[in-house]
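Take a look at the structure below.
What follows draws every value from the coordinates through simple rules; no lab data is involved. Since the structure is predicted, the reported quantities are computational estimates derived from the model, not experimental observations. No Cβ is skipped: glycine too gets one built from the backbone with ideal geometry, and neighbour counts run over all protein chains shown.
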Amino acid sequence: MRKFLAALVILTLVASYEASAVAATPIVALGKTCNKPGTIQSSGKKKLQCVTAGSKTAVWKTYIPVKSSPTLNTPTPRAVSPVATPSAPPAPTSFADLYANRLGISGAAWVKSQSVFKASTTMTPPIEIFTGPNTNPYETNAKASIDKVTKLMGGA
């Protein structure tokens, strides 16, 4: 009998605790008063926000999310540290240092050909390029390429 009475007392205490917890929870409904303005809670399928209405009272109203206007992110200027430009590898000067300076061959050839282009006064003779009706030319600006070849080999 004591076990039954102890179980009954425990069940009664648990039930009264849950009832007090439910009673202590404020009712969230549209138009009811609330305690903390700014809080947002769900009531069914709607979201409600606690808003101050009048001088001191706060009530639950339908929550309307604030749409923020798009702001343009303006980059902040940063100090740029000078970056050392990589120097071109040295060009080979003889067959003895050809392998050691092999990385400078293409750069030296480019610099040399550019100086020849600028110094050359040779004019390309008039050229007409004919293609067949179904021919797609590989080079679309052939005259510019031929002009470069003419300037490189103007004395030949």
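What shape does the range 102-152 have by the C-alpha gyration tensor, where a ≥ b ≥ c are the square roots of the eigenvalues, rounded means a/c under 1.5, and otherwise prolate means a/b greater than b/c and oblate the rest?
It is oblate, given that a/c is not under 1.5 and a/b is not larger than b/c.
With labels modelled as points extended 7 Å from the Cα through the Cβ direction, what inter-label distance (nm, one decimal) is found for SER16 paired with VAL111?
Inter-label distance under the simple model: 9.9 nm.
Return the long-range amide H neighbours of CYS34 (sequence gap of 5 or more, or a different chain), with a cut-off of under 5 Å between placed amide H atoms.
Residues meeting the criterion, in which the H sits 1.01 Å from N, are ALA58, VAL59, TRP60.
For a quick check: with amide H placed at 1.01 Å from N, whose amide H comes under 5 Å from SER43's, ignoring anything fewer than 5 positions away on the same chain?
Answer set, sorted by chain and number: LEU48.
Suppose R0 equals 22 Å. What FRET efficiency, 1/(1 + (r/R0)^6) with r the Cβ-Cβ distance, do THR124 and ALA88 give to the nearest 0.05?
0.15
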